[in-house]
Structures are given as structure tokens and as C-alpha cells.
Amino acid sequence: MNYNTQEGPSNKPNNDKGKMSMADRFIKAMFLPGDYPELIRLKFGSVVSFLCLLMFLVSFVQYAIPVLARLAGYGGVKNYIIDVLPDFSLENGEFDFSEKYERDDETVNMYYLIDTSKEKFTVDDIDRDKTQVVLVSHTNMLVYNNVTGLAGTVQEEKFSDFNMLTINNESVASFAPLIYVGLFLAYATMYVMCFVRYLLAALFYAFLMYILTRVMMSKLSFGIIYKIALFAQTIGALVSAVAVLIGTPLFIMAGSTFAMIVTVVIMNRAFFKIVPPPAARR
């Protein structure tokens, strides 16, 4: 059997390529591995537009919805800064924060402390067993890093160096439009990161399946297998995004496990539809 990896084994005319609706692409990618011969014949632009929309959905569910929901609950950025955030001020070279904030993140071995009742922090206050420590007092801030390339370094910022500045809740809230721009730029960064992770994950799945199915699927090029992996991850990526939105470790782990299993299953079924096993070709 001769298999053209450029067009795929289909009796449909070539002028059908690229005319599949976006909804059809999603339905076929998620639920119909038997229709993958049509998907892999899509033009480059159609594949890119599909991935762009998919990554928008994934990143929006994971990152934008939680932030937008919280801001909506507080009535926007301005109300959040004035009514929800503790009162803070940087004035005449001194920093005040109305509440003591302390966080010891054992998962990444980082420690953060804001305590403006303390006049000054010194290097003796740093726990050097931590990967990173941030200490903020009434007059200074210490940042300690114990990671590769920054091993044991301590940086100090003295608020007296900023005695010409006056910053408080009201002044920051007045920049609400710029904060929205910053949030959008942060979301754009997350979108790009999601896209890169997705492409790298597809590369992993393609390489894995290329090795495991090399004997049976010798007719398939790595490029075709990679294209299959791009579509096969669709349902797993969406389910994982919803699991991250829910936020509990159990759901996140279950979503990741589901994504891996369903991607491999869909790719396997798509392979046998594109190149039937020997028994089916007799």
C-alpha cells in the first residue's frame, strides 16, 4: 500500500482542504479520531487558526476567568486597591503596611514577610536554608536568593532612597487603567507560554508514538505524527484547564492524568485509521 504523507488516504477531492469549519475541527479533534485523515490534510493556516483559538480557550479558562471573577466581585481594580488591600504608604522614605503579611511556601522553599512594625531587617534575619527570602520592614527590604547563579546573594533596598516618592492606596488606584493594561500584558504572556507548552507537549507525544509505532506505522513521517499530536491534545488540554480553574490538587492531578491517557488513545486510534493494520489491508 502506498501512502502519501502529504495528502493522506482519502477519496475526497483536494479542493476540500481548509474548508472544514472551526466547530467541525474541534469536534473531530476531540471525539472522532476516525476523521483524522481529514484533519491532517488541512492547510497550515487552518491548523494555526485552530491552535490559536484552542490556546485562547485554555489560557482564558486557566488565567483570565479567576482574575476577572475576583475583580468583578470587588467592583474592579480601583475598588479592590482601596477597599480590599490593606492600607499602605511609602512617604518620606518610610514604608507602612497596616497588616503583617507572612507566607512560608514549602513547595518551592520560599519565605516572604512584610512587617513594618520592625524598624529594619538585617542579614541575620535571613533563613539561608530557603531558596528565596523577601523581608520588608519600615525602612528597608532584603531579597535573598540561593539558586544557581545567585547562590547566597543578598540585595538591600533602602526606602530612604525613594524619599521623593509618595505612594499609597489612593495614588495607586488612580492608575487603574494602566493596571488593566498590565493585566492584559500578563495574560498575553500566559497565552504565549501556554502555546509554547502545548507545542512542546505535542513534540513529546509525537516522538514517543513515533518510537513505539515505528514498525507498524513506517509509512507515517514524523511531521504527520506531530500534526496528529497537535489535534489529539485538544480535549485533554481543555479538561486540564477546567481542572486548574477548580483549583484543588486532586482535580489538577486527575485532569493531567486524563489528558495524557486520552491523547495517547486518540493518537493510537487515528494511526490505525490512517494506516490500517496488515490484517485489515488483506
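Taking the range 122-142 as the search range and keeping residues that are in contact (Cβ under 8 Å) with a residue 40 or more places away in the chain and in a loop (DSSP other than H, G, I, E, B), which one is nearest to the chain's Cα centre (by Cα)? Among them, the one singled out is 137. Evaluation of residue 213 against the conditions (1) touching a helix residue (DSSP H, G or I) at 6+ places or on another chain (Cβ under 8 Å); (2) within 25 Å of residue 239 (Cα to Cα); (3) among the polar types (S, T, N, Q) shows that the sole unmet condition is (2).
Scanning for something in a helix (DSSP H, G or I), exposed (fewer than 15 other Cβ atoms within 10 Å of the Cβ) and either hydrophobic (A, V, I, L, M, F, W, C) or touching a helix residue (DSSP H, G or I) at 6+ places or on another chain (Cβ under 7 Å) (or both), does the range 143-162 turn up at least one residue?
no
Screening 91, 119 for residues that are under 30 Å from residue 184 (Cα atoms) and open to solvent by 60 Å² or more (accessible area, probe 1.4 Å) leaves exactly one candidate, 91. Has the range 87-102 got any residue that is in contact with a strand residue (DSSP E or B) (Cβ under 6 Å, 6 or more places away or on another chain) and either free of Cβ contacts under 8 Å to residues at least 24 places away in the same chain or under 20 Å from residue 177 (Cβ atoms) (or both)? Yes, the range 87-102 contains at least one residue that is in contact with a strand residue (DSSP E or B) (Cβ under 6 Å, 6 or more places away or on another chain) and either free of Cβ contacts under 8 Å to residues at least 24 places away in the same chain or under 20 Å from residue 177 (Cβ atoms) (or both). Per the conditions (1) open to solvent by less than 50 Å² (accessible area, probe 1.4 Å); (2) modelled with pLDDT under 95; (3) closer than 28 Å to residue 166 by Cα; (4) of a type outside the set (D, E, K, R), the sole criterion not satisfied by residue 113 is (2).
Inside the range 259-282, residues that are of a type in the set (Gly, Ala, Ser) and at pLDDT below 85 make up a count of 2.
For the range 1-68, list the helices (runs of 4 or more DSSP H) that sit wholly inside it and hold at least 3 residues that are within 29 Å of residue 244 (Cα to Cα) and modelled with pLDDT of 95 or more; which are they?
22-31, 44-59
The values are calculated or read from the model by the stated rules, or taken from the named source; none is laboratory data. Quick caveat, the model's predicted, so the values are computed rather than measured. Cβ coordinates were reconstructed from backbone atoms using ideal geometry, including for glycine residues, and neighbour counts include every protein chain displayed. For the accessible areas, the whole protein counts, side chains as well, though only heavy atoms, and no ligand, DNA or RNA atoms are used. Shrake-Rupley method; radii C 1.70, N 1.55, O 1.52, S 1.80 Å.
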